[in-house]
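These notes concern the structure reproduced below.
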Amino acid sequence: FPSHDMRLDTLVYQHAGKDPKKIFVFGPVSYDFQKGNVYFIRGSNGSGKTTFMRLLTGLYIPTQGQIVVDDIVVDQPTSASYRDLFSVVFSDFFLFKTLYGLGDIDEEELNYWKILFQIDKKVSIEDGKFSSLELPTGQKKRLALLVAILEKRQFIVLDEWAADQDPEFRKIFYLEIIPMLKKAGKIIIAITHDDQYFDVADHLLNYRDWE
């Protein structure tokens, strides 16, 4: 897959809540994201972590600043071509039974990830569809991450993905899966509160770091 680096240049997002006198402002944020690096984001509730994720992935339009990919300014970060840089699993994720847009799936690769994710006996893929989505939340999140990996996009963005995993698999995620994705040149950006695994990241970011 193509490799991309990204730079956020004084990015700001603001919106009014139910009370128009109260304006929520996120930013300004300036930061570089480089291929083969792991970025963990921490911060208290309401600090803007999820807002940042939605800005980054083109779900929100910046009020100020710009996003630069490979030294080219992104004119429309909400465009499909920009969003196609990202595979995202939000905390309120939705998983489709049909595998849209993946094309031919390498069965060997699929089986490898299913076994590593410990869902090989839980679900199969038949005619481009999952056999079942009747899984516990933690296993369904594993399936969503598997799909994100199969999409073969540069950025993998995860919003507290490990929160629903048992301790055994949480260890596998941080110590095996993330290093494998890093070695493959992916850029992993994850919101996490698992401080015992913070040393897995190349960069540990707090909202205060961006002000």
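The values are calculated or read from the model by the stated rules, or taken from the named source; none is laboratory data. None of these values were measured; they are calculated from a predicted model. Positions of Cβ are generated from backbone atoms using ideal geometry, with glycine treated the same way; all protein chains shown enter the neighbour counts. All accessible areas refer to the heavy atoms of the entire protein, side chains included, with ligands and DNA or RNA removed. Shrake-Rupley method; radii C 1.70, N 1.55, O 1.52, S 1.80 Å.
Miscellaneous remarks
- Hydrodynamic radius by Kirkwood, which averages 1/r over all alpha carbon pairs of the stretch 27-89, in angstrom: 12.9
- Put simply, the convex hull of the Cα atoms in the chain casts, on average, a shadow of 12.4 nm².
- A simple packing score, the average count of other Cβ atoms within 10 Å per residue, orders the peptides 155-165, 107-117 as 155-165, 107-117, with the highest score first.
- FRET efficiency for the I105 to F198 pair, using the beta carbon distance and R₀ = 35 Å, is estimated at 0.55.
- On the stretch 151-211, 46 percent of the accessible area sits on carbon and sulfur atoms, based on a 1.4 Å probe.
- Too-long pairs where the Cα-Cα distance tops 28 Å, listed order kept, from K18/K140; K114/K182; K114/K186; K22/K141; K141/K183; K121/K171: K18/K140; K22/K141
- Distance between the pseudo-spin-label points of K152 and S131 (7 Å out from Cα toward the beta carbon): 2.6 nm.
- Probe 1.4 Å - accessible area at T98, Å² to nearest ten: 40
- Computed with a 1.4 Å probe over protein heavy atoms only, the accessible surface of the chain comes to 53 Å² per residue.
- Helical mean residue ellipticity (222 nm; -39500 (n - 2.57) per DSSP H run of 4+; nearest 500) of the chain: -6500 deg cm²/dmol
- Rounded percent of accessible protein surface that carbon and sulfur make up, the stretch 12-142, 1.4 Å probe: 48
- Spacing of the modelled spin labels on D166 and K21, each 7 Å from Cα toward Cβ, amounts to 5.3 nm.
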